[in-house]
1. By the scheme Lys and Arg +1, Asp and Glu -1, what is the net charge of all other residues having a beta-carbon under 11 Å from that of M39?
2. What FRET efficiency do you get for K230 and K26 if R0 is 30 Å and r is their Cβ-Cβ distance, rounded to the nearest 0.05?
3. Under 10 Å from the Cβ of K252, count the other residues' Cβ atoms, weight Lys and Arg +1, Asp and Glu -1, and hand me the total.
4. Suppose R0 equals 51 Å. What FRET efficiency, 1/(1 + (r/R0)^6) with r the Cβ-Cβ distance, do I286 and N194 give to the nearest 0.05?
5. Report the Stokes-Einstein translational diffusion coefficient (µm² s⁻¹, integer) for segment 26-175, Rh taken as the Kirkwood radius over Cα pairs, at 20 °C with viscosity 1.002 mPa s.
6. Testing the spin-label approximation: label points 7 Å from Cα along Cα→Cβ at S332 and V82. State their distance in nm.
7. What is the sum of charges around F370, taking Lys and Arg as +1, Asp and Glu as -1, for the other residues whose C-beta is under 12 Å from the C-beta of F370?
8. What number, in nm² with one decimal, is the all-direction average of the projected area of the convex hull of the alpha-carbon atoms of segment 2-115?
Amino acid sequence: MVFGAVWFAHAQDDEVSFNASVSKSKLGINERLRIDFTMNQDGDNFTPPDFDGFRVLMGPNQSVSHQWVNGKKSFSKSYSYVLSPLKKGNFTIQQATVEIDGKVFKTLPVKVEVTAAVDDPNAPPSANDIAEEKLHLVAELSNSRPYLNEAISVVYKLYVSPDINIYDFIPVDNPTYNNFWSQEIDVKRLRAENGLYNGKQYRYVILKKVVLYPQRSGDLEIEPLTLEVKVEVPTNRRNIFGERVYTQAHVKVATKNSTLKVKPLPEAGKPENFSGAVGNFDFDVILSKSSLKAGESLTAKMVVNGEGNLKLFQLPKLTLPSSLEVYEPEFSESVRTGLGGMKGQVTESYTIVPEFKGKYPVPEVAFSYFDPETEQYKTLRSVSSVIDVFDGPIAGADPANAANAPVVKQRVAMTGDQFRFLKLKANLVPVVQKEFLGTLKFYLLYFGPLLLIPLAIIIGKKRKERELDVEGNKVRKANRLVKKYLSEAKKNLNDSNRFYEALERALHNYLKAKLKLETADLSKEKISALLKENGANEDDIVGFERLMSSCELARYTPVTADGMKVDYEKAAEVISVLDKHLK
């Protein structure tokens, strides 16, 4: 054993000692370290160090020893912890403190060296070793050789052997997806399913789904996802009820490095107007109307819909005669993203206002994209059309030249909901001033406060009576504590110590509320007798006693998450049943 101690002279003949000792000063990262803080006189307010560089696996476990040697009494009290190192290196466990006879005593710091993992062929596998063999985090790729800007999906699955139980996991390192456009798909609920991993039966849960669009060709890496998982691993021990005892373990699991070989888009056959669209699309240009008067407006919508990188390319430009006034297009999208990639449509809407009478051609528009399934470029063309402006001023003497005439700015007459007009004639109505004095509202406001005085006196009297009801206040306070501690127990189903501490407090406060007991009177014999006097059934009394015993045993024996859940449901049931008898 390695010691770090501080000795202090006591005011009397005895000396106070408070020291820290570790099981070994040098250990492998896969080994455990035990540290004991021991004092030779009883102390209070023990405060352990932070244990930087270590994870606390067990503790504090308290032990007290009294001995008589040659007629002389000796006392020893210790707090023990079992630690697991987090990384290699030299660490210092700082001072612990305790208060003895009003004075504060401290241990000396203890230095520990953590080396690489130590092999012990004769040692049984630890809980962490078992958990690492039974847990596997996998990133499944839909395609490892995509084209540039082609959608691929990554599904992260955690495979768990039926031999162990998971009760929590925390992401430690998330991939950043450099050189990808990425969008995560929300996993609304974790659902366990059965599946095979390396030919063995496992349960798995889908933790995360991501859709990626590679933005560069060549070898691209997807960084691993790392999780810290808290699991329960079965041991060879059994509790007093014959149930197998589970022990907790903390392990880190990570996906393997994934490398994608992203193929560049072929240069052969690439159209000149290609703007990066990859997928399978439809394309069209739609006019809201084809004939109208000068000064009226129409809309030309350029629409691309289908599956592919809808948010990652530019739409072609609409070219129109200079005699048409064309406003900047408004972009809109209706795109949803699933495991197959983006689906939906993107639109650019041009507002067009003709100013002169004439016929204006709308030429065809070409849209090109690359289809990764056929590995070919495809070009879609809209149908050419004509805008017929049948009424309005003529640009120049020759109507045939109206389409190419210079633009003369005129006031635009708009239609529809786009326009707001100033109302020139206001329909104002004269306000007739009404008499207030002598109305019902006047009397209510005047005498209302006087009527509230007797009500305030009654409320104050009731409040005072309630404050003087000492017994009733105790019962109400205990009832509030029952609800508080039951709620606290439910929140701590993943921590057995806090769960059973809160559950025990809830049961004690319930008895104090219903049987009007003090804390000192909470003995099993007195509780059973009072429950019988109040008409409780024998089965309900036995159930309550068993529940109290479970809370006491939980301090000394490991329990599973399922066991805690059963005890919580049993507590709620017992309290509900006893409520019918205890009024």
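1. -3
2. 0.60
3. Details: positive: none; negative: E132, D173, E228.
So the surrounding residues net to -3.
4. Numbers: r = 50 Å, r/R0 = 0.98.
Calculated transfer efficiency: 0.55.
5. On the way: Rh = 20.0 Å.
Rounded to a whole number, D works out at 107 µm²/s.
6. 6.5 nm
7. Values: positive: K263, K270, K378; negative: E150, E267, D371, E373, E375.
Within the 12 Å Cβ shell, the charges total -2.
8. On the way: hull surface 29.1 nm².
Its average projected convex-hull area is 7.3 nm².
Every number here is computed from the coordinates shown, using simple stated rules; none is lab data. Just so we're clear, the structure is a prediction, and the values are computed from it rather than from any experiment. Ideal geometry is used to build each Cβ from the backbone, glycine not excepted, and the neighbour counts take in all protein chains shown.
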